[in-house]
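Colleague: I have a structure I would like to understand better, so I am pasting it below and will then ask my questions one at a time.
Throughout, read-outs are computed from the coordinates displayed, never taken from laboratory work. Fair warning: this is a prediction, and the values are worked out from it, not measured in the lab. Neighbour counts run over all protein chains shown; Cβ positions are idealised from the backbone, glycine included.
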Amino acid sequence: MAPRRKKIYEGKAKTLYEGPEPGTLVQYFKDDATAFNAQKKATIEGKGVLNNRLSEYFMTGLTNIGVPNHFIKRLNMREQLIRQVEIVPLEVIVRNFAAGSIAKRLGLEEGTPLPRPIVEYSYKNDDLGDPLVPEEYIIAFGWANQQDMDDIVALALRVNDFLSGVFYGVGIKLIDFKIEIGRVWEGDFMRLIVADEISPDSCRLWDSKTGQKLDKDVFRRDLGNLTDAYTEVARRLGVMPTNTQPIKPTLIN
């Protein structure tokens, strides 16, 4: 029997294990779903399999257009090999239409097109509820410098262009999404690359015609079966669907 792998980190939706080579990790996608800073929890059978496939699809697409990211290859139905990075402690949010917190903050109707894509940041800290922070805070506290911020915005907008086009082609509107950015060193040179995952867990996706939600808002707002929504995204993109039958969420007390 192979020795048990060393766990490096466990988050709400993924677990990271030590990789087979220095500078690599194995990222395992769980079936857990959380919302409202983990106040609402459930196990959604098959979600991890779908997100693994979908994140592979998007990261491979980014690689093909020259956007650097941590993805190396998918290992099996739930795991992928990734580059080990030092995560910048920010969630980078790109918004194309008003939804969620920005709609509440500014009194906008959900679905209102924004004048241009808006990039904003939240400080990654579950205890604080991932508060929104301005660029001034980020630079002052040393989470990133001005050059980093310029590079992060450029990366985020390139990802937005790519994802918006891909989703538009299959009748899905990309409302907003969040990504994480990691630092990697190549000799003495530091690069910023896209890390974490890109999946319906981290995007708001609406059907272009009906407005039907095909993302984690289905779980947040009790709008139906999350596996059905994610499977529909995978089906439209031509990503191999899981053979997991949709099952009602099992709520965790």
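Colleague: Of 189, 162, how do they rank once you tally other Cβ atoms within 10 Å and put the fewest first?
Modeller: Final ranking by Cβ density, sparse to dense: 189, 162.
Colleague: Using only the Cα atoms of the stretch 49-107, what do you get for the radius of gyration and for Dmax, in Å?
Modeller: 15.2, 45
Colleague: Moving on. Before rounding to the nearest 500, sum -39500 (n - 2.57) across all DSSP H runs of length at least 4 in the chain and divide by the residue total; then give [θ] at 222 nm in deg cm²/dmol. Walk me through the numbers before you get to the answer.
Modeller: Numbers: 6 runs with 69 residues, N = 253.
Calculated mean residue ellipticity at 222 nm is -8500 deg cm²/dmol.
Colleague: Please go through the stretch 1-85 and write out the chymotrypsin sites (Phe, Trp or Tyr not before Pro) that DSSP classes as loop and that have at most 15 other C-beta atoms within 10 Å.
Modeller: 36
Colleague: Now, a different point. Work out the FRET efficiency for residue 43 and residue 190 from their Cβ-Cβ distance, taking R0 = 51 Å, and round it to the nearest 0.05.
Modeller: 0.85
Colleague: In terms of the ratio Rg/(2.2 N^0.38 Å) built on C-alpha atoms, what value belongs to the chain?
Modeller: On the way: Rg = 17.7 Å, N = 253, 2.2 N^0.38 = 18.0 Å.
Scaled against compact globular proteins, the figure is 0.98.
Colleague: Restricting to Cα pairs below 8 Å that are 6+ residues apart, what does the relative contact order work out to for the chain? Please round to a whole percent.
Modeller: 20 percent
Colleague: Over the C-alpha atoms of the stretch 86-207, what are the Rg and the largest Cα-to-Cα span, Dmax, in Å?
Modeller: Rg then Dmax for the stretch 86-207, in Å: 14.9, 49.
Colleague: Using only the alpha carbons of the stretch 132-185, what is the convex hull's orientation-averaged projected area in square nanometres?
Modeller: Answer in nm², one decimal: 4.7.
Colleague: If the label point is 7 Å along Cα→Cβ of residue 166, which residues in the stretch 213-238 have backbone nitrogen under 13 Å from it?
Modeller: Answer for this model: 233-238.
Colleague: Given a Förster radius of 22 Å and the C-beta distance between residue 105 and residue 222 as r, what FRET efficiency does 1/(1 + (r/R0)^6) yield to the nearest 0.05?
Modeller: The pair residue 105/residue 222 has a calculated efficiency of 0.40.
Colleague: Given the peptides 144-157, 126-139, 173-186, arrange them by the average over their residues of other C-beta atoms within 10 Å, most packed first.
Modeller: Result, highest mean first: 173-186, 144-157, 126-139.
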